[in-house]
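Heads up, the thing below is written out as structure tokens.
The values are calculated or read from the model by the stated rules, or taken from the named source; none is laboratory data. In this text the structure is predicted, and so the values were computed from the model without any measurement. Methodologically, a virtual Cβ is constructed for each residue, glycine included, from the backbone with ideal geometry; neighbour enumeration extends over all protein chains shown. Just the protein is used for accessible areas: all its heavy atoms, side chains included, with ligands, DNA and RNA removed. Shrake-Rupley method; radii C 1.70, N 1.55, O 1.52, S 1.80 Å.
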Amino acid sequence: MAQAAICYVIWGVIPVYWKLFSAVPPLQALATRMVWSCAFSIVLCLALRVRFLPLLRDRRAWATFGASSVLIAANWGVYIWASTSGHLLETSLGFFLCPLTSIVLGLACFHERLSRMQKLATALAACGASLFAAAHGGSIWISLVLAATFSAYGAVKKRGGYDALPGMAVESLFAAVLGAGLFAAGWVDPGFWDMARTAPDALAVTSAVGMAVLSVGSGVVTAGPLALYSAAANKVPLSLLGLLQYISPTIVMMLAVTCFGELPDVWQLASFVLIWAGLAAVAWETLRGQGGRAGGARRSSGKNRKNSA
């Protein structure tokens, strides 16, 4: 459980990292993250003696990781831009929405049936997102894109069914190709980097050494938590893992309010409350189900002991 908690804490504080890196245009920061996360993923696999090259001979792996790399690149790009442009509350909202958009994707892609609580949670989330959109207009797109891309990313990886670390390495290779394409576009036309440019944050590092360290570190803060998550997913019950994931958006929201002056208004708070209510409904149902299964297992074990006696 500690690995999962550390992973989610890192994801929660990572907006600070992008603010430190905000002297670099968001598209360039995205390309840097893609390339260095590939390097770190490969080094990690080599260190752990995990074989990933055989996946490159698998056509289905190409389709899976080609799609997942595009989705995660879109997610990263929006997240970096939002983190450096004063939209941390929207990113927090987006990742609070993730479990609920995953429920919808499970219905659409895997023909899963929704329980009453899941239907209620989805309806509350839709109301919360609609209220946010009505009060703040276009900025809801940040939350929706983050939630949709990350949930779709998870669905693609689930459908692929590949082992975590080899899959992460191959996916990072595809992402690095996309990153190299961005660097090529910036080399051909330097004005390319001005697309979606944001003003450097007050925390921005500008020294050459500092920028070099942040560039290399972008791979570590990207691939490191993914490796921790992969390790935790094999040990921690999915219900607990699902509850722990709320650590990240909670930290992001606290940072937005306490450190970066993004004070929510009454409409934003109402939107969050509706979504939190939906999450609480799903969490309660999950915990109740876990308790019921545990109780059933204990009763079954007790019967078996009596019969054996």
Residue within segment 221-229 that is open to solvent by 60 Å² or more (accessible area, probe 1.4 Å), of a type outside the set (D, E, K, R) and at pLDDT below 85 present: yes
Extreme residue, modelled with the lowest pLDDT, among residues of segment 141-164 that are surrounded by fewer than 19 Cβ atoms within 10 Å (Cβ to Cβ) and under 16 Å from Ala227 (Cβ atoms): Ala164
Residue within segment 90-98 that is modelled with pLDDT under 90 and among the aliphatic types (A, V, I, L, M) present: yes
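Go through segment 45-66 residue by residue and tally those that are among the aliphatic types (A, V, I, L, M) and open to solvent by less than 40 Å² (accessible area, probe 1.4 Å). Outline the logic, then answer.
Step one: list which residues in segment 45-66 are among the aliphatic types (A, V, I, L, M), which gives 46-48, 50, 53, 55-56, 61, 63.
Okay, now just the ones that are also open to solvent by less than 40 Å² (accessible area, probe 1.4 Å), so 50, 55, 61.
The qualifying residues number 3.
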Phe183 at pLDDT 90 or above, of a type in the set (Phe, Trp, Tyr), closer than 20 Å to Ala82 by Cα and over 21 Å from the mean Cα position of the chain (by Cα): no
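Take residues that are under 30 Å from Ala283 (Cβ atoms) and of a type in the set (Gly, Ala, Ser) and tell me which of the helices (runs of 4 or more DSSP H) falling wholly in segment 17-112 contain 1 or more. Show your work before the answer.
On the way: elements: 26-47, 59-84, 88-110.
Passing ranges, in order: 59-84, 88-110.
Specify the residue that is farthest from the chain's Cα centre (by Cα); the eligible residues are those in segment 195-212 that are assigned to a helix (DSSP H, G or I) and either surrounded by 13 or more Cβ atoms within 10 Å (Cβ to Cβ) or of a type in the set (Phe, Trp, Tyr) (or both).
Step one: of segment 195-212, the residues assigned to a helix (DSSP H, G or I) are 208-212.
Adding the requirement that they be either surrounded by 13 or more Cβ atoms within 10 Å (Cβ to Cβ) or of a type in the set (Phe, Trp, Tyr) (or both) leaves 210-211.
Working: Gly210: 26, Met211: 24 Å.
Checked segment 195-212; the qualifying residue farthest from the chain's Cα centre (by Cα) is Gly210.
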